[in-house]
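Peer 1: Input: one structure, supplied below.
The values are calculated or read from the model by the stated rules, or taken from the named source; none is laboratory data. Not measured: the values here are computed from a predicted model. Here the Cβ positions follow ideal geometry from the backbone for every residue, glycine too, while neighbour counts run over all protein chains shown. Note: accessible area is taken over every heavy atom of the protein model, side chains too, but ligands, DNA and RNA are not part of it. Shrake-Rupley method; radii C 1.70, N 1.55, O 1.52, S 1.80 Å.
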Amino acid sequence: MSVPPELAGATLTIDLAALVENWRTISRQVSPAECGATIKADGYGCGACEVARALWEAGCRTFFVALPMEGKQVRDALPQAIIYVLDGLLAGQADFYIAHDLRPSLVSPEDLGEWADAADGNHKAAVHVDTGINRLGFDRAQAETLAGDKELMRRAGLCLLMSHLASGDDETNPSNADQRDRFNALRNLFPGLPASLANAPGTFLGPAFAHDLARPGVALYGGNPLTGKPNPMQPVVSLTAPILQVRDVAAGDGVGYGATWRAERPSRIAIVGVGYADGLLRAMSWPALQDGPAKVSIAGQPAPIVGRVSMDMITIDVTGTDRDHACRGTSVELLGPTISVDDWARWSGTLSYEILTSLGRRYAKVYSS
Ligand SMILES: *Cc1c(COP(=O)(O)O)cnc(C)c1O
């Protein structure tokens, strides 16, 4: 059930039109390859079913989740979609995948053998080959053995060859071309099998990385796929919350747990009811880990988060903010047009991926389109 905004404290707004625009941008970029969408971890915190429906309407047909339960949720929303489960075939669960028409991305000969026995040529799957990240996937020798067993491939219903980039966000990293070359060499073992290599950053590495199907994730949700460069994507997530109280503090007074910030002059402090339990990481506490202090925006003016981030609250120095705007009940922008998930990521020393997937569960969630 959705939470009423007036009772939830903070409102998370997901702009589905911007999400679709981001998917179209990447689709054009990989064309004529197909553009799918990675919607694992509840659509990077944005709501897997809502995201999947919006992208389906825009023409997206292929979706990637991590786990079979995530796949079932998307299946219930989209009866016709193609859904791949990236974590492979969980041991003993082939019947569940078959019942919900989920395609495992098979990561090992064990996965593949179990799937082939259950599917017996009647259900499809991808095979995931490792090209250097050393995470999931067949190694080169295992892939060669598989390629020599046409009957096993038929029983496993193989319809896609995929691999995953380790450093796609760094276009100067030579491992990208190296992985692509290894992937292309493996493709030669499986003539005619469609291929997929690029995640969102990979789609920015040029046509040689597009193959037949792209699997973008983070960029759809507005995260910057290009480390250290301007973000080509539209923001999707905004977060607003009202000021709960404004208090005056005297010069020298400490604010928050441990008094890690002290007023240098008589100051006004606004308290907003969002904290680390809502995904506003404690690492954003004054003075923040990188490029700090972390800020919010009040009526278009930036104001710094001072003191420690608590579980349910932050304290903001509004001494320099218009009094009319910095008062009980006025709305503060925590994420939105002026503050991005990548800003939060820098302030807290992490990635937009972790910010998005840490977004809290007690927000009122609103979808705009
Ligand atoms: C998460 C994931 C993706 C999407 O990655 P982004 O960097 O968010 O675009 C694609 N493929 C695999 C195998 C993944 O695990």
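Peer 1: Does Pro242 fit the bill of being part of a loop (DSSP other than H, G, I, E, B) and either touching a strand residue (DSSP E or B) at 6+ places or on another chain (Cβ under 6 Å) or within 16 Å of the ligand (Cβ to nearest atom) (or both)?
Peer 2: no
Peer 1: Give the number of residues within the range 331-369 that are in contact with a strand residue (DSSP E or B) (Cβ under 7 Å, 6 or more places away or on another chain), open to solvent by 30 Å² or more (accessible area, probe 1.4 Å) and small (Gly, Ala, Ser).
Peer 2: Summing the residues that are in contact with a strand residue (DSSP E or B) (Cβ under 7 Å, 6 or more places away or on another chain), open to solvent by 30 Å² or more (accessible area, probe 1.4 Å) and small (Gly, Ala, Ser) in the range 331-369 gives 2.
Peer 1: Follow-up question, since we're still on this one. May I ask you to verify whether Pro216 is closer than 30 Å to Leu239 by Cα, in contact (Cβ under 8 Å) with a residue 12 or more places away in the chain and out of contact with any Leu (no Cβ under 9 Å at 6 or more places or on another chain)?
Peer 2: Considered against the rule, which asks whether it is closer than 30 Å to Leu239 by Cα, in contact (Cβ under 8 Å) with a residue 12 or more places away in the chain and out of contact with any Leu (no Cβ under 9 Å at 6 or more places or on another chain), Pro216 comes out as yes.
Peer 1: Being within 12 Å of the ligand (Cβ to nearest atom) and not in a helix (DSSP H, G or I) is the filter here, so list the residues in the range 12-44 that pass it.
Peer 2: Cys35, Gly36, Ala37, Thr38, Ile39
Peer 1: A further question follows. Is there a residue in the range 319-328 that is open to solvent by less than 40 Å² (accessible area, probe 1.4 Å) and in contact with a helix residue (DSSP H, G or I) (Cβ under 9 Å, 6 or more places away or on another chain)?
Peer 2: Within the range 319-328, none of the residues are open to solvent by less than 40 Å² (accessible area, probe 1.4 Å) and in contact with a helix residue (DSSP H, G or I) (Cβ under 9 Å, 6 or more places away or on another chain).
Peer 1: Another question about this same structure. When the residues of the range 218-239 are narrowed to those that are of a type in the set (Val, Ile, Thr) and outside any helix (DSSP H, G or I), which ends up nearest to the ligand (Cβ to nearest atom)?
Peer 2: Thr227
Peer 1: For the range 99-217, which fully contained helices (runs of 4 or more DSSP H) count at least 1 residues that are within 16 Å of the ligand (Cβ to nearest atom) and over 24 Å from the mean Cα position of the chain (by Cα)? Quick ask: steps written out before the conclusion?
Peer 2: Working: elements: 109-119, 140-147, 150-156, 175-187.
Where helices (runs of 4 or more DSSP H) fall fully within the range 99-217 and carry at least 1 residues being within 16 Å of the ligand (Cβ to nearest atom) and over 24 Å from the mean Cα position of the chain (by Cα), they are 109-119, 175-187.
Peer 1: Moving to a separate point now. Taking the condition of being in contact (Cβ under 8 Å) with a residue 60 or more places away in the chain and surrounded by fewer than 18 Cβ atoms within 10 Å (Cβ to Cβ), how many residues in the range 9-24 meet it?
Peer 2: Here the count works out to 2.
Peer 1: Would you mention how many residues in the range 47-67 are open to solvent by 10 Å² or more (accessible area, probe 1.4 Å) and within 15 Å of the ligand (Cβ to nearest atom)?
Peer 2: Summing the residues that are open to solvent by 10 Å² or more (accessible area, probe 1.4 Å) and within 15 Å of the ligand (Cβ to nearest atom) in the range 47-67 gives 2.
Peer 1: Quick check on this structure: which one of Asn231, Asn224 is surrounded by fewer than 21 Cβ atoms within 10 Å (Cβ to Cβ) and polar (S, T, N, Q)?
Peer 2: Asn231
Peer 1: Scan the range 35-46 residue by residue and report those that are out of contact with any Phe, Trp or Tyr (no Cβ under 7 Å at 6 or more places or on another chain) and buried (at least 19 other Cβ atoms within 10 Å of the Cβ).
Peer 2: Selection gives Asp42, Gly43, Gly45.
Peer 1: Next question, about the same structure. Going by the structure shown, is Glu6 closer than 28 Å to Pro242 by Cβ, open to solvent by 20 Å² or more (accessible area, probe 1.4 Å), at pLDDT below 95 and of a type outside the set (Val, Ile, Thr)? Reasoning before the result, please.
Peer 2: On the way: closer than 28 Å to Pro242 by Cβ: yes; open to solvent by 20 Å² or more (accessible area, probe 1.4 Å): yes; at pLDDT below 95: yes; of a type outside the set (Val, Ile, Thr): yes.
In short, yes.
Peer 1: Would you tally the residues in the range 80-98 being part of a loop (DSSP other than H, G, I, E, B), away from the ligand (no atom under 16 Å from the Cβ), open to solvent by 30 Å² or more (accessible area, probe 1.4 Å) and among the hydrophobic types (A, V, I, L, M, F, W, C)?
Peer 2: So in the range 80-98, the residues part of a loop (DSSP other than H, G, I, E, B) come out as 80-81, 86-93.
Add one more test, that the residue is away from the ligand (no atom under 16 Å from the Cβ), and what stays is 80-81, 91-93.
Add one more test, that the residue is open to solvent by 30 Å² or more (accessible area, probe 1.4 Å), and what stays is 80, 91-93.
Then drop every residue that is not among the hydrophobic types (A, V, I, L, M, F, W, C), which leaves 91.
Final tally of qualifying residues: 1.
Peer 1: Given Ala259, Ala263, which one is more than 16 Å from the ligand (Cβ to nearest atom) and either open to solvent by 10 Å² or more (accessible area, probe 1.4 Å) or in contact with a Lys or Arg (Cβ under 9 Å, 6 or more places away or on another chain) (or both)? Break it down into steps so the answer makes sense when it comes.
Peer 2: Numbers: Ala263 fails: either open to solvent by 10 Å² or more (accessible area, probe 1.4 Å) or in contact with a Lys or Arg (Cβ under 9 Å, 6 or more places away or on another chain) (or both).
Every option except Ala259 fails the conditions.
Peer 1: Name the pairs: first residue in the range 78-107 and of a type in the set (D, E, K, R), second residue assigned to a strand (DSSP E or B) and surrounded by fewer than 18 Cβ atoms within 10 Å (Cβ to Cβ), Cβ to Cβ under 8 Å, at least 6 apart or on different chains?
Peer 2: Arg103/Cys159
Peer 1: Run Arg361 past the list (1) within 21 Å of Cys46 (Cβ to Cβ); (2) touching a Pro at 6+ places or on another chain (Cβ under 6 Å); (3) without any contact (Cβ under 8 Å) to a residue 60 or more places away in the chain and report the number of the one that doesn't hold.
Peer 2: (2)
Peer 1: Still on this structure, please answer the following. Hey, any hits in the range 276-298 for a residue that's under 26 Å from the mean Cα position of the chain (by Cα) and among the acidic types (Asp, Glu)?
Peer 2: The answer is yes; a qualifying residue exists.
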